[in-house]
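Before any comments, here is the structure.
FYI, it's all coordinate maths here, none of it is from the lab. Because the structure is a prediction, the values reported are computed rather than measured. With ideal geometry, Cβ positions are generated from the backbone for all residues, glycine too; neighbour counts draw on all protein chains shown.
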Amino acid sequence: MSRQRAPFPSLPAPARLAALGLSVALLPVTALAQQPPTQLPEIVVHGASTVPVEAPRVGSAVTVVTEEQIRNQGAASVPDVLRLVPGVAVNQSGGRGGLTQLRLRGAEANQTLIVVDGIPINDVNSGDADLANIPVDAIERIEVVRGPQSGIWGPNAQAGVILITTKSGRGLTRPEVTARIEGGSFGTLQGSATVRGAQGPFYGALSVSGLRSGGFVVAPGTTRPNGSDMGALTAKLGADLSEWFNVEAVGRFVSRTGFYNPGNFAYGPPCPPPDFFCTPDPLMGRLTNGVGRGVATDAQGRFVATLKLLEGAWTHRFSADASHQTTNSRNSFVSSFGFLETEAFWSRTERTRAEYRTAYTFETPSFLGARHTIVGGIEAVRERFRYYYESDGFFGYSPNDSYAGAGRLRERKGLYGEYLLTLRTGLSLSAALRQDWNSSFRDAATWRLTAAQTFETGTRLHASVGKGVTNPTFVEQFGFFANFTGNPTLRPESSIGWDAGVEQRWFGGRLITDVTVFRANIADAIVRTPSFTIINLPFQTTRQGVEVTATARPTDWLSINASYTYTDTRSAELVGIVYVAKEALRRPRHAASLSATAALPDDKTRVTLTVAHNGNMRDTFFGPAGSSDVRLGAYTLVGAQISHDLTRNATIYLRGENLFGQRFQEVYGYQGPGAAVYGGLRVRFGD
């Protein structure tokens, strides 16, 4: 079949209306011409290359969210933060503690790599990361790098990378203690505390947080609220043993218990001959009023040693990390046929990884005043997955313990290199190449090229192109389930993607706008078939769109961030023996966000307004007659927070979520939370 190519779409009427709304939201910018020039602070980006790079030199599309922005927004979770980032679609199954996925630029959930303190946290089994497992109080910054990044980060960075960095005590002159306690709607109580500091060459940070939520009724027609409990601990210790040698260790542990409504996939009589195919439950595919309880734990650790030679020009870094994730779930409900249906399953996943990277930076003053950085590295990864499942009901007791013992094991080795060039003319270039050797499926070569050109007019052009890959998951390869057959011959998914944008600074840097166009052609996409197995699509599909962002500081007391994203995502599904082109699941075509923070004249009170809009999107309902398409309606979530500094060390706040009580679903059958109000206290002592 020939490759499908579609002309890039012009923006439809809803997109033009959203862009108009964005411009209205930025009306205060008209006051910029009367304000003295004030540059918004420059930042260093850590996730867009194998070495940290100053933001003007980055060719990829990047959004950086700081600890201060998270605090001002009143974000209660990482998904709340990412809803306001261009190109990101969040899909949460109900309220806090429910499975939460993100899709970047219309990609699948397992095509974005999530990295916390240098440790990939994507689940070894599913390939994606449950963002409900990441508390926000210990976070120092979040970077969202969009576009294919496998040439830098390896597999599962096909659509981009989200890099989360937690707090450290490095550089503090005095110890610092921060704490927060909050309570409010849905029987929610949460708190956190962080202690960090430095003494001589040593530094460290310890953060603990906890959450208990009574939850709300997620499934229409049911009565049980879906509550959750979570506890988390993050520790970071390091030492600058000399000016040229540093060691650092980080550990992270999260335990979460969630209560849920089991899904109804029951069968019952009659089962007529000759094939004895039993009758599906009339309520098949819907959430039941049964009882489900799941416990998930997530533990990671990492050690890093960094050596700098030649006055810092030549660096060597060795790192080793390990992660261990477990799930234990049990649920039960009574089917329409009167049978008690029960399920229980557990899984254990392990990943160990070791990496060595070296980077050498030098300058050639006689050649355009150029600065060069050459990077090389090697990585080795081992992954193991174990699984157990049992069910009881109409068909009787049925265990599946084939993978409960040794499970399945696979390994990967990678070799990579990158070259970065910066010229005095304002031009920055980078080129990366990577080769991964896989033990149980096809090897993969990936690459990435970027360019950024800065002009004295405040204009910056940026572009990137690259090849990304996503490895098959363990379930896709080996099956594990009685009604699903794995495919050990699967090839990694791959895509060639590019983006190009124009960033412009206005009014002395008080306003920064960026318009970026992106497109990706996906080959070997992994899709399910009606015969309960999985295959690689034999032809290409596409993703494309536009991202518009604006960051403004009209006055010293007002800051505004706004974005609009248009995404056109094409997928294909096998219906019988025919491939049918469809809009991809759970990706809104239109999305927009606004965040505005104002400091009142007393310089102690701050008010923040947030708006997140998602257009309608397609989902699938698996009912008694088979699968069918459904539409999830568009929604707009409005939030606000007001905080006041009681003293230099204590701040009280009141925040509201979904203030207008918008009814919405991000996953079919799972109602989102209604209007909610929370109040809390923050304290800070020390540095």
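Odds and ends about this structure:
- The protection proxy used here, the mean number of other Cβ atoms lying within 10 Å of each residue, ranks peptides 571-582, 112-123, 526-537 as follows, highest first: 112-123, 526-537, 571-582.
- 3J(HN,Hα) couplings calculated from phi for the stretch 396-406 with the Karplus curve 6.51 cos²θ - 1.76 cosθ + 1.60 (θ = phi - 60°) are, in sequence order, x, 5, 9, x, 9, 10, 4, 10, 7, x, 6 Hz; Gly and Pro show x.
- Inter-centroid distance (Cα atoms) of the stretch 102-154 relative to the stretch 206-225, Å: 24
- Note that the stretch 100-220 carries a Kirkwood radius of 16.6 Å, evaluated over its alpha carbons pair by pair.
- Gain on full stretching of the segment that runs from Glu411 to Phe276 - 0.36 nm per residue minus C-alpha separation: 44.3 nm
- Cβ crowding within 10 Å, taken as a proxy for footprinting-reagent exposure, orders Cys271, Cys278 from fewest neighbours to most as Cys271, Cys278.
- Loop-located chymotrypsin sites (Phe, Trp or Tyr not before Pro) in the stretch 638-675 whose Cβ has at most 11 other Cβ within 10 Å (DSSP): Phe660
- Relative to one another, the C-alpha centroids of the stretch 440-519 and the stretch 232-257 are positioned 29 Å apart.
- Packing-based ranking of 468-480, 390-402 yields 468-480, 390-402, ordered from highest to lowest mean Cβ neighbour count within 10 Å.
- In the chain, the calculated helix contribution to ellipticity at 222 nm averages -1000 deg cm²/dmol per residue, counting -39,500 (n - 2.57) for every DSSP H run with n ≥ 4.
- Counted charge near Thr342, where neighbours are those whose Cβ lies closer than 10 Å (Asp, Glu -1; Lys, Arg +1): -3
- Eligible lysines near Lys236 by straight Cα distance, threshold 26 Å, same-chain separation 8 or greater: Lys167, Lys308
- Share, in percent, of DSSP beta bridges within the stretch 13-686 that are antiparallel, nearest 5: 100
- Dividing the mean sequence gap of close Cα pairs (under 8 Å, 6+ apart) by how many residues the stretch 346-496 holds gives a relative contact order of 16 percent.
- Taking one quarter of the surface of the C-alpha convex hull of the chain gives a mean projected area of 30.8 nm².
- With contacts taken as Cα pairs under 8 Å and at least 6 residues apart, the chain reaches a relative contact order of 14 percent.
- Among Arg606, Arg587, a tally of other beta-carbon atoms within 10 Å of each Cβ gives an order, fewest to most, of Arg606, Arg587.
- Phi angles of the stretch 328-338 translate, via the Karplus equation with coefficients 6.51, -1.76, 1.60 and θ = phi - 60°, into HN-Hα couplings of 9, 9, 8, 8, 7, 7, 9, 6, 5, 8, x Hz per residue; Gly and Pro are given as x.
- In the chain, the longest principal axis of the Cα atoms and the axis of helix 13-25 are about 40 degrees apart.
- For Ile43, residues with placed amide H under 5 Å, excluding near neighbours: Ala55
- Each of Thr541, Thr222 was scored by other Cβ atoms within 10 Å of its Cβ. Arranged with the fewest first, they read Thr222, Thr541.
- Its residues counted as N, the stretch 341-434 yields a C-alpha radius of gyration over 2.2 N^0.38 Å of 2.03.
- Cut-off 13 Å between beta-carbons: net charge of the residues surrounding Leu600, Lys and Arg +1, Asp and Glu -1: -2
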